[in-house]
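The values are calculated or read from the model by the stated rules, or taken from the named source; none is laboratory data. All figures in this text were calculated on a predicted structure; none of them were measured in a lab. Note that we place each Cβ from the backbone using ideal geometry, even for glycine, and neighbour counts take in every protein chain shown.
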């Protein structure tokens, strides 16, 4: 029998497609992804993350592999999953160790999991963690695996200082050749002036444009008329909501305490400021432009941390006696011109994910967006509510819609919690999966901007 592919890559028969078309004619609840596909469905059954701490704090001595080991080890301990059931581990990372770039495989080896478990690492800037999780879901739904661990980690504290290539090229004759006195003199000449060979501080800038991400966010603030006051108000909102979530115990079932070097136990995220205010933030100086609006207070801080999720086919979860929390109804990734509003991608990826799920913005119960900068978040919200933007960039006559702020980033976001580049997408999927499971909410829309003009959108649904 002929088959066709759905938007998430699942195969359906013509008969199943006909049934779906017939079902649309009768009033009913929104179809689940399983009813839409008629095939396997990947479900999130559990997840654990480390506390997120500011870079060069208590986690300074823990590199991205150690953080990934901590989160995944805690996940296995909490779930009691027999390690023989694990098929693969997919990990997201951005700041990768130069001598061990496949962080996923290193986590497997350090945890002494069966050597047959396949480990891989994906990198898509700030969307890496979500890319790892959706890639795991896709593998399960294609029948390539039954049980996959997916997540991400990053340690900004351990970003390597780069020696200029000028040093490498100049020193090559000394390392690979048979140097003579004249060779040494030439090398010394090539390395002058001395200031040109000093190690360089890592810089989060676009290779194609040279623009630092904060400069791009400043441009977005200017073009979309986002004021400094609005940014500070949003940042305060993020901190206050995150502080309430911590105080209420909302993160207790996803954050695992971690013993840092020197035997210090860390139990909660370390950057949330429940006592901050617009008045306090207004005193901070702009960071990226003397007359700019972006400050350390309305941008996410450099952060160390990890998040690890356990995904299974729904049948496997039931067989192992595990309770599914949520499943992906759809996901979408896109790219925009890095020279034109670098971080605007979620305004395209989120509507694309909604379209693939057969939903409108008004259908979703929760919206969770990565907060690189308050200016970026507020710009994207304005784009989603703009008919002109929809016509120019989405090819549609009507705006995607206005986001109800009461259901937007309900527990704060990266501005308050922090942003380990490779872990944030996994952290967002975990928090929303937990929230859907324990509440009466049915769906959540995720959105992430990323360096390189990339972006991700996804729709999670309660199982």
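So that you can scan it fast, the table gives a plain yes or no per residue for (1) in a loop (DSSP other than H, G, I, E, B); (2) at pLDDT 95 or above:
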| site | (1), (2) |
| --- | --- |
| 241 | no, yes |
| 262 | no, no |
| 272 | yes, yes |
| 283 | yes, yes |
| 295 | yes, yes |
| 307 | no, yes |
| 317 | no, yes |
| 328 | no, yes |
| 334 | no, yes |
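Taking the stated definitions as given, is residue 248 free of Cβ contacts under 8 Å to residues at least 60 places away in the same chain and either surrounded by 14 or more Cβ atoms within 10 Å (Cβ to Cβ) or on the phi < 0 side of the Ramachandran plot (or both)? Considered against the rule, which asks whether it is free of Cβ contacts under 8 Å to residues at least 60 places away in the same chain and either surrounded by 14 or more Cβ atoms within 10 Å (Cβ to Cβ) or on the phi < 0 side of the Ramachandran plot (or both), residue 248 comes out as yes. Scanning the stretch 337-361 for residues being part of a loop (DSSP other than H, G, I, E, B), on the phi < 0 side of the Ramachandran plot and surrounded by fewer than 21 Cβ atoms within 10 Å (Cβ to Cβ) gives a total of 6.
Picking from residues in the stretch 420-441 that are touching a strand residue (DSSP E or B) at 6+ places or on another chain (Cβ under 8 Å) and in a loop (DSSP other than H, G, I, E, B), the one that is farthest from residue 90 (Cα to Cα) is 441. Keeping to the stretch 261-274, report how many residues are under 19 Å from residue 238 (Cα atoms) and without any contact (Cβ under 8 Å) to a residue 12 or more places away in the chain. Of the residues in the stretch 261-274, 0 are under 19 Å from residue 238 (Cα atoms) and without any contact (Cβ under 8 Å) to a residue 12 or more places away in the chain. Candidates in the stretch 97-110 are the residues that are surrounded by fewer than 17 Cβ atoms within 10 Å (Cβ to Cβ) and touching a helix residue (DSSP H, G or I) at 6+ places or on another chain (Cβ under 6 Å); of these, the one that is farthest from residue 84 (Cα to Cα) is 100. With respect to the conditions (1) without any contact (Cβ under 8 Å) to a residue 60 or more places away in the chain; (2) within 17 Å of residue 332 (Cα to Cα); (3) in contact with a helix residue (DSSP H, G or I) (Cβ under 9 Å, 6 or more places away or on another chain), residue 128 lacks only one, and its number is (1).
Selection over the stretch 23-55 of residues that are in contact with a helix residue (DSSP H, G or I) (Cβ under 9 Å, 6 or more places away or on another chain), at pLDDT below 95, in a loop (DSSP other than H, G, I, E, B) and over 20 Å from residue 135 (Cβ atoms) gives a count of 3.
Only one entry of 289, 308, 282 meets the criterion of being within 25 Å of residue 241 (Cα to Cα) and surrounded by fewer than 21 Cβ atoms within 10 Å (Cβ to Cβ), and that entry is 282. Restricting attention to the stretch 195-229, the residues being within 19 Å of residue 301 (Cα to Cα), over 23 Å from the mean Cα position of the chain (by Cα) and modelled with pLDDT under 95 number 1.
When 422, 452 are checked against the criterion of being under 20 Å from the mean Cα position of the chain (by Cα) and surrounded by fewer than 18 Cβ atoms within 10 Å (Cβ to Cβ), 452 stands alone in meeting it.
Filtered by the rule that a residue be touching a helix residue (DSSP H, G or I) at 6+ places or on another chain (Cβ under 8 Å), part of a loop (DSSP other than H, G, I, E, B) and over 23 Å from residue 293 (Cα atoms), the stretch 404-414 gives a lone residue, 411. Per the listing 429, 433, 375, the residue uniquely in contact with a helix residue (DSSP H, G or I) (Cβ under 6 Å, 6 or more places away or on another chain), in contact (Cβ under 8 Å) with a residue 40 or more places away in the chain, buried (at least 24 other Cβ atoms within 10 Å of the Cβ) and under 25 Å from residue 48 (Cβ atoms) is 429. The set of residues in the stretch 387-403 being in contact with a helix residue (DSSP H, G or I) (Cβ under 9 Å, 6 or more places away or on another chain) and in a loop (DSSP other than H, G, I, E, B) consists of 396, 397, 398, 399, 400, 401, 402, 403.
Return yes when residue 338 is touching a helix residue (DSSP H, G or I) at 6+ places or on another chain (Cβ under 7 Å) and in contact (Cβ under 8 Å) with a residue 60 or more places away in the chain and no when it is not. It is true that residue 338 is touching a helix residue (DSSP H, G or I) at 6+ places or on another chain (Cβ under 7 Å) and in contact (Cβ under 8 Å) with a residue 60 or more places away in the chain. The listed residues are 121, 72, 50, and the only one of them that is without any contact (Cβ under 8 Å) to a residue 40 or more places away in the chain and crowded, with 16+ Cβ neighbours inside 10 Å turns out to be 121.
In the stretch 312-320, is there at least one residue being surrounded by 13 or more Cβ atoms within 10 Å (Cβ to Cβ), touching a residue at least 24 places away in the same chain (Cβ under 8 Å) and either within 17 Å of the chain's Cα centre (by Cα) or closer than 26 Å to residue 223 by Cα (or both)? No, the conditions are met nowhere in the stretch 312-320.
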